[in-house]
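Comments concern the structure below.
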Amino acid sequence: MGAAEEVFLPSIAVGELCYGARKSARPQENLARISELVYNSVVLGCDAETARHYGEVKNALRLQGRPLPENDIWIAAVALQHRLTLVTRDAHFQGIDSLETTMW
């Protein structure tokens, strides 16, 4: 994958990264790396529009019998709201209709 001109991070993803850093063997080093990533990115929060996308995605997954972790549904909702491609290692995002993904 090439370098992106601009990187967008859902605030939920930043929280997950911070959690992972804090439970790692090198929390301070990993938190510093996250701070650098956040500094060089645009962090996107959640609002009422995000919540509408969340409800649509969660219901569609329920109807398909394919639940996902709650945070992943929020991350997908942020990407859909802003019409962004979600770069991920998690193949389960590919099951969300109209969400453009790129495997990393």
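The values are calculated or read from the model by the stated rules, or taken from the named source; none is laboratory data. These numbers were taken from a predicted model, which means no experiment stands behind them. Here the Cβ positions follow ideal geometry from the backbone for every residue, glycine too, while neighbour counts run over all protein chains shown.
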| Sole residue being modelled with pLDDT under 95, of a type outside the set (Asp, Glu) and out of contact with any His (no Cβ under 6 Å at 6 or more places or on another chain), chosen from His92, His82 | His92
| Mind checking which residues of the range 9-27 are within 13 Å of the chain's Cα centre (by Cα) and hydrophobic (A, V, I, L, M, F, W, C)? | Leu9, Ile12, Ala13, Val14, Leu17
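Yes/no matrix, rows are residues, columns are (1) over 22 Å from Ala21 (Cα atoms); (2) part of a helix (DSSP H, G or I); (3) over 13 Å from the mean Cα position of the chain (by Cα); (4) not basic (Lys, Arg):
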site	(1), (2), (3), (4)
Leu37	no, yes, yes, yes
Val43	no, no, no, yes
His53	yes, yes, yes, yes
Leu68	yes, no, no, yes
Ile75	no, yes, no, yes
Leu80	yes, yes, no, yes
Val87	no, no, no, yes
His92	yes, yes, no, yes
Asp97	yes, no, yes, yes
| message | Among the residues of the range 2-49, what is the count of those that are exposed (fewer than 10 other Cβ atoms within 10 Å of the Cβ), at pLDDT below 95 and closer than 18 Å to Ala79 by Cα? | response | 2
